[in-house]
């Protein structure tokens, strides 16, 4: 099943997040259109989906990336 990634509207295009990670993914922006965005611009659920995309499952690594990009840590159950 393919997950549709979405941006966090407060982060999308904001200078603090644009090009922060230097890793880009296709996502739906606040205008409803699909485009490429830095993963720092993704909403919390989309970031988690992106990190788990090809198998994932490393909670420590996922939480490190989330912390570096200013998202809350996720619990052992995998929810923010």
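Kindly indicate the residue of the stretch 22-50 that is closer than 13 Å to residue 71 by Cα and in contact with a helix residue (DSSP H, G or I) (Cβ under 9 Å, 6 or more places away or on another chain) and also surrounded by the fewest Cβ atoms within 10 Å (Cβ to Cβ) among those meeting that condition.
Only one residue fits best here, namely 44.
Looking at the stretch 1-17 only, could you name the residues that are touching a helix residue (DSSP H, G or I) at 6+ places or on another chain (Cβ under 7 Å), under 9 Å from residue 41 (Cβ atoms) and assigned to a loop (DSSP other than H, G, I, E, B)?
8, 11, 12, 17
Determine, yes or no, whether residue 56 is more than 14 Å from residue 23 (Cβ to Cβ), modelled with pLDDT of 85 or more, out of contact with any strand residue (DSSP E or B) (no Cβ under 9 Å at 6 or more places or on another chain) and surrounded by 11 or more Cβ atoms within 10 Å (Cβ to Cβ).
So residue 56 fails the test.
Going by the conditions given, is residue 35 assigned to a strand (DSSP E or B) and without any contact (Cβ under 8 Å) to a residue 12 or more places away in the chain?
yes
The values are calculated or read from the model by the stated rules, or taken from the named source; none is laboratory data. Given the structure is predicted, the values throughout are model-derived calculations rather than measurements. Please note: Cβ atoms are built from the backbone with ideal geometry, for glycine as well, and neighbour counts cover all protein chains shown.
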